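Beneath this line is the structure, given in structure tokens, with notes to follow.
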Amino acid sequence: MAEERPTIESCTNESGQQVVTLSHSSGATATIYAFGATVTDFTTASGRQVLWTSSKAKLDGTKAIRGGIPLAFPQFGQPDKRMAQHGFARISTWELVEEPSVSVSEIEDAAVCVFKLNPAMGTHEAWPFAYEAEYVIAIGAETMVNTLSIRNTGDEAFSFQCLIHTYFNIQDITTTTVTGFQGALVYDKIGETPDECSPDGNQLITIDGNVDRVYVPEGIDAPLEDPCVINTPGGNISVGRTALYVDAEGGARNLPVDTVVWNPWIEKAAAMADFEEGGWQRMLCVEPGLVNGPQTCEPQAAIALKQVIRAE
Ligand code: TA6
């Protein structure tokens, strides 16, 4: 009988970056760079590569990794010009937690690894708050669950945005569609009024050019259909998106989750040095997040954002 691989293996690449391999008993694997705790690959037990990472991505810690699942925190975009685009989480080195004792409800026998961001590493004078950031990556045969939790460990409330910026491998953008946004309000970031939202009655999202939209539920009583489904030539990928606010006393309530849909298309992709030639045809970003305005977190409270990816 072949010797089973350890669940978590760690090595260092030629640039000195820590690279973690997470292995599930089914043969499914994930690759995570401690830099940004960026998942760069999730290959299912059936051999399907669910994520897209540019072959020209910088993997030496000099810039955010182009592809996979970068994390945006404490800001989405660059509302505070003093901080990097999408904040400091994706350009800071996270610490792998040894012997994690975490389970996830969505996968019975999950292989799990946990990263933490040391506030001494992940910080900025523009956002000088006391926090704990934990990122749980769990895989099963055809499922991956990503959970980003931010806890306020200080004595003053703070606000932030966060987003799981997932690049999906969809083979052909021209025959890919996405469902699950019915009833949403949408901000078209490349339109003439990027700060105004409008009802988006489309039941089906198709992509035939540069798309950069934020889909927002009308309210907690009208969350978006969960999961949304990416219909690709290679099979469907469902993307579950939930968020939870846990107050200092342990009381929990759901938060409405926003979803960013992005494809740079030809010209904008060509303008990015780390975007491989023609990559725009093979990728689509569908990104669960809390981005429609800052999320306030009271002292000793926590906010958890979760993405559940299932290859179907
Ligand atoms: O995916 C949404 C988005 O905010 C786009 O506007 C685009 O800027 C993308 O993120 C990638 O950002 P990056 O800083 O990684 O080039």
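The values are calculated or read from the model by the stated rules, or taken from the named source; none is laboratory data. All of these numbers come straight from a predicted model, not from anything done at the bench. Cβ sites come from the backbone with ideal geometry, for glycine too, and all protein chains shown count toward neighbours. Accessible surface is based on the protein model in full, side chains and every heavy atom, while ligands, DNA and RNA are left aside. Shrake-Rupley method; radii C 1.70, N 1.55, O 1.52, S 1.80 Å.
Taking region 12-45 as the range and being surrounded by fewer than 23 Cβ atoms within 10 Å (Cβ to Cβ), closer than 20 Å to Pro70 by Cα and of a type in the set (A, V, I, L, M, F, W, C) as the test, the residues that pass are Val19, Val20, Ala34.
When Leu284, Leu305, Leu290, Leu244 are screened for being assigned to a strand (DSSP E or B) and open to solvent by 60 Å² or more (accessible area, probe 1.4 Å), only Leu244 passes. With respect to the conditions (1) assigned to a loop (DSSP other than H, G, I, E, B); (2) crowded, with 20+ Cβ neighbours inside 10 Å; (3) without any contact (Cβ under 8 Å) to a residue 24 or more places away in the chain, Gly87 falls short on a single one, namely (3). If only residues of region 227-238 that are in contact with a Ser or Thr (Cβ under 7 Å, 6 or more places away or on another chain) and outside any strand (DSSP E or B) are counted, the one that is least open to solvent (accessible area, probe 1.4 Å) is Pro227. Restricting attention to region 206-226, the residues being of a type in the set (A, V, I, L, M, F, W, C), in contact with a strand residue (DSSP E or B) (Cβ under 8 Å, 6 or more places away or on another chain), in a loop (DSSP other than H, G, I, E, B) and farther than 21 Å from Trp280 by Cβ number 2. In the set (1) touching a residue at least 60 places away in the same chain (Cβ under 8 Å); (2) surrounded by fewer than 19 Cβ atoms within 10 Å (Cβ to Cβ); (3) within 16 Å of the ligand (Cβ to nearest atom), His165 fails one condition alone, (2).
Only one entry of Ser26, Ser46 meets the criterion of being under 23 Å from Ser101 (Cα atoms), out of contact with any strand residue (DSSP E or B) (no Cβ under 6 Å at 6 or more places or on another chain) and outside any strand (DSSP E or B), and that entry is Ser26. Flag set for Asp41, criterion: of a type in the set (Asp, Glu), modelled with pLDDT of 95 or more and more than 16 Å from the ligand (Cβ to nearest atom).
Could you say which residue among Glu108, Glu134, Glu99 is open to solvent by 40 Å² or more (accessible area, probe 1.4 Å) and either assigned to a strand (DSSP E or B) or in contact with a Lys or Arg (Cβ under 6 Å, 6 or more places away or on another chain) (or both)? On inspection, the qualifying residue turns out to be Glu134. Across region 264-276, which residue is most open to solvent (accessible area, probe 1.4 Å) among those that are within 9 Å of the ligand (Cβ to nearest atom) and closer than 25 Å to Asp200 by Cα? Looking at the filtered set, the residue picked out is Lys268. Of the residues making up region 11-21, none is among the β-branched types (Val, Ile, Thr) and in a loop (DSSP other than H, G, I, E, B).
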